[in-house]
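K.L.:
Sharing a structure with you now.
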Protein chains: 2
Amino acid sequence: MAEDFDVTPFDVEGQVDYDRLIDKFGTEEIDEELKERFFDLAGDENLYMKRDFIYSHRGLDKALDEYEEEDGFFLYTGIGPSGKMHIGHIISFYFTKWIQEKFDVNVYIQVTDDEKYWDRDITDEEIDKYAEDNIREIAAVGFDPDKTFIFRNREYMGHMYDGIVKIAEKINNSQAQSVFGFEGSTNIGMNFWPAIQNIPTFFEDKRCVIPAAIDQDPYWRIQRDIAEKFGHKKTAAIHSKFIPALTGPEGKMSSSKPKTAIMLDDSPEEVEEKVKKHAYSGGGDTLEEHREEGADLAVDTSFQWLRNLLMEDDERIREIAEKYSSGEMMTGEIKEILVEELNEFLQEHQERKENADELVQQMMYDGELAQEMWDRNIDLELQR
Amino acid sequence: MAEDFDVTPFDVEGQVDYDRLIDKFGTEEIDEELKERFFDLAGDENLYMKRDFIYSHRGLDKALDEYEEEDGFFLYTGIGPSGKMHIGHIISFYFTKWIQEKFDVNVYIQVTDDEKYWDRDITDEEIDKYAEDNIREIAAVGFDPDKTFIFRNREYMGHMYDGIVKIAEKINNSQAQSVFGFEGSTNIGMNFWPAIQNIPTFFEDKRCVIPAAIDQDPYWRIQRDIAEKFGHKKTAAIHSKFIPALTGPEGKMSSSKPKTAIMLDDSPEEVEEKVKKHAYSGGGDTLEEHREEGADLAVDTSFQWLRNLLMEDDERIREIAEKYSSGEMMTGEIKEILVEELNEFLQEHQERKENADELVQQMMYDGELAQEMWDRNIDLELQR
């Protein structure tokens, strides 16, 4: 199976040296062997991982060992409700959902309506509005409503404060400041945040696996330092690369800069206009130049998005890569393909969001896992 | 009325220059005029205040204005459950109860089972044990069970976290560090503590009045900085002097050093033995010297405790002061009086503690105020 993943010779990375990030953060590459093992256990291939968009990890091998030994693992991710969500936000949830589906594990999704209040100049009303909207987007991803718990920190705090007290006692100001970059001007809420961020990694007596972009890795150093003091396992992580902004690999997709991102509620027409107007092209400046030199796939947003996020068909993406890089396919053509794929993806997502009332209710309150969580009080015990 | 308070010419202070503390903390003396007004409104005199043991304040005059205008005020105090309670701990609760009784106001008592975990090397089991015991001691003081809410932070957190989030956003690390002396080695729980300590001052839309020893005053600076941002009043405070240790004015009463303190559960025999053995005497070293020079009332624990905490009868304490300071009364005699007064006080207290089950239940859960508080969610709104 493994041989097939390397679908193109065009395994190009744009502006970021991802190998260096692995060195920098001290994580491990997801090599062919681990990838094969992951797919074997899943009984399926995952688009993002086979295209090496998901490419680094910490302790994933251990989580798989434990899965095979039937100790299992669980997934934890989250969202900060400070804006509408774009396609970059939701991909990580789709990946998480894929793991849940294939490995039949629980997923905990923390909605950080406290942290966003501390971190941004934002009102309660805005936080409420975005939390409700973001939760619907996430529910629309299709998580198992009986194995998924979406919780707003402010609402669930009473059930996890005992555990948070224990974690907070094990983190000092210097550690929090060195890991999160806090300063004297940081408010004491934000300074307390690491304790709240960590508590879900202790929700089950199994290894927690966190899917996240690789730059998030350092924020889990504290968990790895303290987990075993409470008789828990160090959290594992699966790291993605960064999704380039629509406007090109230098920028960051941002909800507040609409042209850099495809929003989850963009209409087909908006998608078409944004892609045609703003999608950064790696093609030649002139027709002549393009026909001669072809496109630079590494910086071409349309190609990167199609390859990393959207196009399941290996043959087809290989063909696009060949034709576009050789100059046979024009930027206009690949943009058409991107528009089509994006709109298909968004249409399905939007339909599910439209009908997500019941799913939201289940994942927050009425599903099996949610009910269990509302009956629990999360506490930790020091191993002495 | 006011003239009568100054019962003795022996208005002596021991080692501490209490006027300097007023200057240092920028508080105000409770002068004769304010004292008279307070007693008039209360319809009664208070032992601790008439002896100037309660001697300084911040905003008490405003609280009394508002009381007269029928806006009212409420009382807030607390206990850190890290040990058994001694007589020094309970006096402040007796004063608080006196104010409640005379002014018919609500009292909130925060049991800081989170802060003590962060501040001390103490287990959950110890905290639980002391919290239960301390709460019984406090209930035994005789607060109005329908106007008193005793809450353990860990248990009540879910009802006040929204408000705490708002407070925490208004305090930065530098402020918390300068007021509380936090450092890099302080854990992030303790660093967050100011937000939790402050929330009860916002429990009602009236002025909060905090009875505490004067050295606690700086910890409320933050509340006074932020209160009006939330449309609330700055908290007022009524300050006591320090109660000298049994072993003398240099020491501090401490539950962990039994000979320095009378514990609330000491038996009459233990009280007698402790006082006779350890009560620091201001009397002369020899009979001759004592008869000649008399006792130094300023450093004599027996006299200080009797005058400040125990002996209601103005005539009698004046007589003791005269006789003891003149050398007519011996140390052994004043110790006898102290033993008698202490044992009377403790016996009544212990009896009420013995029968406090129902009171505890009411003040924590079933009384009118408690029920109201368990139905509430405390949140704050910024005034924009």
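K.L.:
Among (1) under 22 Å from B:Arg51 (Cα atoms); (2) open to solvent by 40 Å² or more (accessible area, probe 1.4 Å), where does B:Gly283 come up short?
P.N.:
(2)
K.L.:
Considering only residues that are among the hydrophobic types (A, V, I, L, M, F, W, C) and either in the same structural domain as A:Val299 (by TED's automatic domain parsing) or modelled with pLDDT of 95 or more (or both), which ones fall in the range A:23-59?
P.N.:
Matches in the range A:23-59: A:Ile30, A:Leu34, A:Phe38, A:Phe39, A:Leu41, A:Ala42, A:Leu47, A:Met49, A:Phe53, A:Ile54.
K.L.:
Follow-up question, since we're still on this one. Kindly provide the set of residues from the range A:308-320 that are part of a helix (DSSP H, G or I), within 18 Å of A:Met49 (Cα to Cα) and of a type in the set (A, V, I, L, M, F, W, C), ordered by number.
P.N.:
The answer is A:Leu309, A:Leu310, A:Ile317.
K.L.:
Hey, among the residues in the range B:204-223 that are more than 20 Å from the chain's Cα centre (by Cα) and touching a residue at least 60 places away in the same chain (Cβ under 8 Å), which one's farthest from B:Leu34 (Cα to Cα)?
P.N.:
Among those that are more than 20 Å from the chain's Cα centre (by Cα) and touching a residue at least 60 places away in the same chain (Cβ under 8 Å), it is B:Glu204.
K.L.:
Considering only residues of the range A:128-145 that are open to solvent by 10 Å² or more (accessible area, probe 1.4 Å) and more than 25 Å from B:Arg376 (Cα to Cα), which is nearest to the other protein chains (Cβ to nearest Cβ)? Break it down stepwise before answering.
P.N.:
Initial filter on the range A:128-145 (open to solvent by 10 Å² or more (accessible area, probe 1.4 Å)): A:128-130, A:132-133, A:136, A:142, A:144-145.
If we keep only those that are more than 25 Å from B:Arg376 (Cα to Cα) too, we end up with A:133, A:136, A:142, A:144-145.
Values: A:Asp133: 20, A:Arg136: 22, A:Gly142: 31, A:Asp144: 27, A:Pro145: 24 Å.
By that ranking, first place goes to A:Asp133.
K.L.:
Keeping to the range A:111-127, report how many residues are surrounded by fewer than 19 Cβ atoms within 10 Å (Cβ to Cβ) and of a type outside the set (D, E, K, R).
P.N.:
Of the residues in the range A:111-127, 2 are surrounded by fewer than 19 Cβ atoms within 10 Å (Cβ to Cβ) and of a type outside the set (D, E, K, R).
K.L.:
Something else: What number of residues within the range A:146-171 satisfy the criterion of being open to solvent by less than 40 Å² (accessible area, probe 1.4 Å) and facing another protein chain (nearest Cβ under 7 Å)?
P.N.:
So the answer is 8.
K.L.:
For the range B:62-171, give me every one of the helices (runs of 4 or more DSSP H) that falls completely inside it and has 1 or more residues that are under 22 Å from B:Gln347 (Cα atoms) and over 15 Å from the mean Cα position of the chain (by Cα).
P.N.:
B:87-103, B:124-140
K.L.:
Hey, can you tell me all the residues within the range A:56-108 that are buried (at least 21 other Cβ atoms within 10 Å of the Cβ), in contact with a Ser or Thr (Cβ under 7 Å, 6 or more places away or on another chain) and over 19 Å from A:Phe143 (Cβ atoms)?
P.N.:
Within the range A:56-108, A:Ser56, A:His57, A:Arg58, A:His86 qualify.
K.L.:
Among (1) surrounded by 16 or more Cβ atoms within 10 Å (Cβ to Cβ); (2) among the aliphatic types (A, V, I, L, M); (3) within 21 Å of the chain's Cα centre (by Cα); (4) modelled with pLDDT under 95, which single condition is A:Val7 missing?
P.N.:
(3)
K.L.:
Can I ask one more? Considering (1) over 23 Å from the mean Cα position of the chain (by Cα); (2) more than 30 Å from A:Ser302 (Cα to Cα); (3) in a helix (DSSP H, G or I), say which one A:Ile334 fails and leave the rest.
P.N.:
(2)
K.L.:
Sticking with this one: Take the range A:196-213 and flag every residue that is buried (at least 24 other Cβ atoms within 10 Å of the Cβ) and either small (Gly, Ala, Ser) or at pLDDT below 95 (or both).
P.N.:
Within the range A:196-213, no residue meets the criteria.
K.L.:
Looking at the structure I just gave you, is B:Gly294 open to solvent by less than 40 Å² (accessible area, probe 1.4 Å) and in contact with an Asp or Glu (Cβ under 9 Å, 6 or more places away or on another chain)?
P.N.:
Yes, satisfied.
K.L.:
Anything in the range A:172-192 that is assigned to a helix (DSSP H, G or I), open to solvent by 30 Å² or more (accessible area, probe 1.4 Å) and more than 7 Å from chain B (Cβ to nearest Cβ)? List them, or say none.
P.N.:
A:Gln175, A:Gln177, A:Ser178, A:Phe180
K.L.:
Please verify whether A:Gly251 is open to solvent by 20 Å² or more (accessible area, probe 1.4 Å) and more than 9 Å from every other protein chain (Cβ to nearest Cβ), treating the condition exactly as stated.
P.N.:
yes
K.L.:
Same structure again: Would you check if B:Tyr161 is on the phi < 0 side of the Ramachandran plot and without any contact (Cβ under 8 Å) to a residue 24 or more places away in the chain?
P.N.:
In short, yes.
K.L.:
Going residue by residue through the range B:295-307, is there one that turns out to be among the basic types (Lys, Arg) and either assigned to a loop (DSSP other than H, G, I, E, B) or over 22 Å from the mean Cα position of the chain (by Cα) (or both)? Can you show your working first?
P.N.:
If we filter the range B:295-307 for residues that are among the basic types (Lys, Arg), which is where we start, we get B:307.
Filter once more, keeping what is either assigned to a loop (DSSP other than H, G, I, E, B) or over 22 Å from the mean Cα position of the chain (by Cα) (or both): none.
Scanning the range B:295-307, I find no residue that is among the basic types (Lys, Arg) and either assigned to a loop (DSSP other than H, G, I, E, B) or over 22 Å from the mean Cα position of the chain (by Cα) (or both), so the answer is no.
K.L.:
How about the range A:220-238: which of its residues are outside any helix (DSSP H, G or I) and among the β-branched types (Val, Ile, Thr)?
P.N.:
Of everything in the range A:220-238, those that are outside any helix (DSSP H, G or I) and among the β-branched types (Val, Ile, Thr) turn out to be A:Thr235, A:Ile238.
K.L.:
Within 14 Å of another protein chain (Cβ to nearest Cβ), under 28 Å from B:Lys274 (Cα atoms) and aliphatic (A, V, I, L, M) - does that describe any residue in the range B:109-123?
P.N.:
Within the range B:109-123, one or more residues are within 14 Å of another protein chain (Cβ to nearest Cβ), under 28 Å from B:Lys274 (Cα atoms) and aliphatic (A, V, I, L, M).
K.L.:
Taking the range B:193-204, which residues are in a helix (DSSP H, G or I) and more than 7 Å from chain A (Cβ to nearest Cβ)? Before you say what the answer is, go through the steps one by one.
P.N.:
First, pick out the residues of the range B:193-204 that are in a helix (DSSP H, G or I): B:193-202.
Matches in the range B:193-204: B:Trp193, B:Ile196, B:Gln197, B:Asn198, B:Ile199, B:Pro200, B:Thr201, B:Phe202.
K.L.:
Considering the range B:346-384 alone, what residues qualify as being part of a loop (DSSP other than H, G, I, E, B) and open to solvent by 30 Å² or more (accessible area, probe 1.4 Å)?
P.N.:
Result: B:Asn355, B:Asp375, B:Arg376, B:Asn377, B:Asp379, B:Glu381, B:Leu382, B:Gln383, B:Arg384.
The values are calculated or read from the model by the stated rules, or taken from the named source; none is laboratory data. Note that the coordinates shown come from a computational prediction; the quantities given were computed from them, not determined experimentally. Cβ sites come from the backbone with ideal geometry, for glycine too, and all protein chains shown count toward neighbours. These area figures cover heavy atoms from the full protein model, side chains too; ligands, DNA and RNA do not enter into them. Shrake-Rupley method; radii C 1.70, N 1.55, O 1.52, S 1.80 Å.
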